[in-house]
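The values are calculated or read from the model by the stated rules, or taken from the named source; none is laboratory data. Keep in mind the model is a prediction, meaning the values are calculated, not measured. Counting neighbours? That spans all protein chains shown, and the Cβs are built from the backbone with ideal geometry, glycine included.
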Amino acid sequence: MRNLFILGFALLLGCFTTFSQEDVETDKKNRKKKESKDVVVNEDSDSTEGNNTPNNYKPTSGISIIKVTDSIFMLKGKGGNIGVSIGDDGVFMIDNQFAEATPAILQNISRLSSKPIQFLINTHHHEDHTGGNKNMNDLGTIIYSHDNVKKRLIEEVEKKAESDLMTAYEQKIEKLSKDGNNEKAEQKAKESVESIDQFINKDNIYPMITFSEQLTFYYNGEKIMLFHVENAHTDGDVMVYFTKSNVLHTGDAFFNGKYPFIDVDNGGSFRGNSSALSKILMVADKDTKIIPGHGDLATIEDVKYTQSMISFLTERIVFHIVSKKTEKEILQMKDLTKEFDNKGFGDGFISTEKFIKALYKDMSKKYRYK
């Protein structure tokens with residue numbers, strides 16, 4: 001029995017190996033370029049022209065699908081963009097939005113493939129990308145992430161559990177202290193809360209397998225490379241590159257057509273985000289299909305534009321900081337962001353004001369006069 005277990009585990013490990021930058025360059029040179037037309041499936045359509053998915057695919061419950069290639073799709077909904085690879089091996093999934101979206105997501109994916117979702121990648125720990133982890137875990141899907149994603153999820157679960165237990169404790173005290181015996185009420189409340197704590201499941205939302213830098217899968221006829229980008233959107237960001245199809249999922253290290261969200265409290269930084277965009281430009285070429293964390297399907301030109309936008313605004317804000325302008329004064333300079341605001345950059349989760357404030361705060365640490 002033990003030998004069978006070891007053999008099974010070895011076969012699982014055979015699905016992935018390590019990744020190097022030379023592998024990226026080699027695959028980019030050797031892969032065959034294949035032009036494919038992006039197809040958006042809308043909720044009111046019964047079928048999709050050029051879409052070879054089974055059952056005349058029709059999405060449901062606010063989930064829309066973009067056909068990236070014949071075997072890779074992007075699902076859009078209320079959370080971050082989901083990547084899905086289908087093929088003979090099964091379904092390979094990237095991110096899973098919020099928990100309540102899981103039924104609709106699964107229904108949509110089942111129209112693309114009847115095979116099980118074998119692997120799920122968490123590109124980082126935010127709930128709009130990992131909220132369905134428990135649901136996917138219950139289905140037997142193996143969840144992968146960077147080491148820091150599991151660490152952050154544990155912190156969040158424990159923080160929430162502590163808050164919930166404290167609320168329960170206070171409610172019990174209030175209920176039991178009506179007879180005037182506060183000491184007895186506190187003891188009873190403590191016993192009650194301790195009995196609740198043992199039933200709180202703190203394990204089923206976490207990734208089962210984590211890694212520090214790179215990981216490679218051989219799945220659905222693809223070499224799929226996962227690589228960590230340090231301190232970008234968070235400290236646990238991972239990008240996923242399908243070398244044969246030339247498709248890159250960036251997670252939230254790249255928002256297409258929106259100002260970026262730098263989660264400083266969870267290890268993100270403007271410097272790291274800039275490095276992440278540069279890494280995208282190293283991996284991608286003019287034919288690469290880029291699935292951003294949020295926004296529409298992108299190309300390398302969209303990444304270049306976002307990078308130039310951040311560079312321009314950083315330079316201008318540094319200039320004004322050195323010129324002793326205050327945050328309030330810079331926020332009043334509407335022409336500074338006019339070009340980008342007109343393109344809708346400030347209409348996302350991060351407004352123009354939020355982005356300028358975050359950039360001002362970060363640059364002030366280095367350039368502000370004391």
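Restricting to the stretch 296-314, and then to whatever is of a type in the set (Val, Ile, Thr) and in a helix (DSSP H, G or I), can you tell me which residue is surrounded by the most Cβ atoms within 10 Å (Cβ to Cβ)? So, considering only residues that are of a type in the set (Val, Ile, Thr) and in a helix (DSSP H, G or I), the one surrounded by the most Cβ atoms within 10 Å (Cβ to Cβ) is Thr306.
Residue-by-condition table, conditions (1) more than 21 Å from His129 (Cα to Cα); (2) in contact with a Leu (Cβ under 9 Å, 6 or more places away or on another chain); (3) surrounded by 14 or more Cβ atoms within 10 Å (Cβ to Cβ); (4) not assigned by TED's automatic domain parsing to the domain that holds Asn96:
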{"position": "Phe261", "(1), (2), (3), (4)": "no, no, yes, no"}
{"position": "Asn266", "(1), (2), (3), (4)": "no, no, yes, no"}
{"position": "His294", "(1), (2), (3), (4)": "no, no, yes, no"}
{"position": "Arg316", "(1), (2), (3), (4)": "yes, yes, yes, yes"}
{"position": "Lys324", "(1), (2), (3), (4)": "yes, no, no, yes"}
{"position": "Asp341", "(1), (2), (3), (4)": "yes, no, yes, yes"}
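Only residues that are of a type in the set (Phe, Trp, Tyr), assigned to a helix (DSSP H, G or I) and modelled with pLDDT under 95 were counted across the stretch 318-370, and they come to 1. Taking the numbered list (1) more than 22 Å from Lys289 (Cβ to Cβ); (2) touching a residue at least 24 places away in the same chain (Cβ under 8 Å) in turn, Asp265 passes all entries but (2).
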